[in-house]
Amino acid sequence: MQAGMLRLAARRSLSTISGVSTAGLKASLAGYWTNKLGSHMRITVNDSGFITGRYKSKVSASGEVARGDIVGYQQDITQPTFGFVVKWATAPADSVTVWAGQYYNGGGKEQLKTMWLLREHDPAANDNWDATLVGMDVFTRAVPAECEDLDDRSEL
């Protein structure tokens, strides 16, 4: 049921990508972003700060490219704090990652400085701690051409 609601919310938001206006936000995270490991994401943000998008990671336990949908929120302040979740649709399809961070724009260099938690599926409760990974990520604004495959939904 929850997965169905997540997909419905994402579809409703994605269906209005071209019509999303962020004119009401002081700073918008909307656009394409990349990190130093070569992962890419496309984010759209509506006027209330609701985030949707796509994520492609070149880092995964399987060694294969991992893809998933993004859902989250950003605050409406000059250097907004934000949080989003990626529900992985491909390897590892049984895990989720959450990012929390803040947008910075210093000297014309836009950055998303984040901390993340990756939760892997764990069938045994006694290995709970081992199933959670923690890390840091810095994303910089990317050009759309670097992230074209994020617009292709056929791989999800």
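Taken together, the values in this text are just the output of simple stated rules run on the coordinates, not laboratory data. All values derive from a computational prediction rather than experimental measurement. Cβ: placed from backbone, ideal geometry, glycine included. Neighbour counts: every protein chain shown.
General observations
- Candidate cross-link partners of K58 among the lysines, defined by an alpha-carbon separation under 23 Å and a same-chain spacing of 8 or more, comprise K36, K87, K113.
- By average C-beta atoms within 10 angstrom, highest first, the peptides 25-31, 72-78, 100-106: 25-31, 72-78, 100-106
- Dividing the Cα radius of gyration of the range 24-156 by its Kirkwood radius returns 0.98 for Rg/Rh.
- Here the Karplus relation 6.51 cos²θ - 1.76 cosθ + 1.60, evaluated at θ = phi - 60°, turns the backbone of the range 55-69 into coupling constants of 10, 10, 10, 8, 10, 7, 4, 7, x, 9, 5, 9, 10, x, 8 Hz, with x for every Gly and Pro.
- Label-zone membership for the range 41-73, site T81, 7 angstrom Cα→C-beta point, backbone N under 18 Å: 49-51, 72-73
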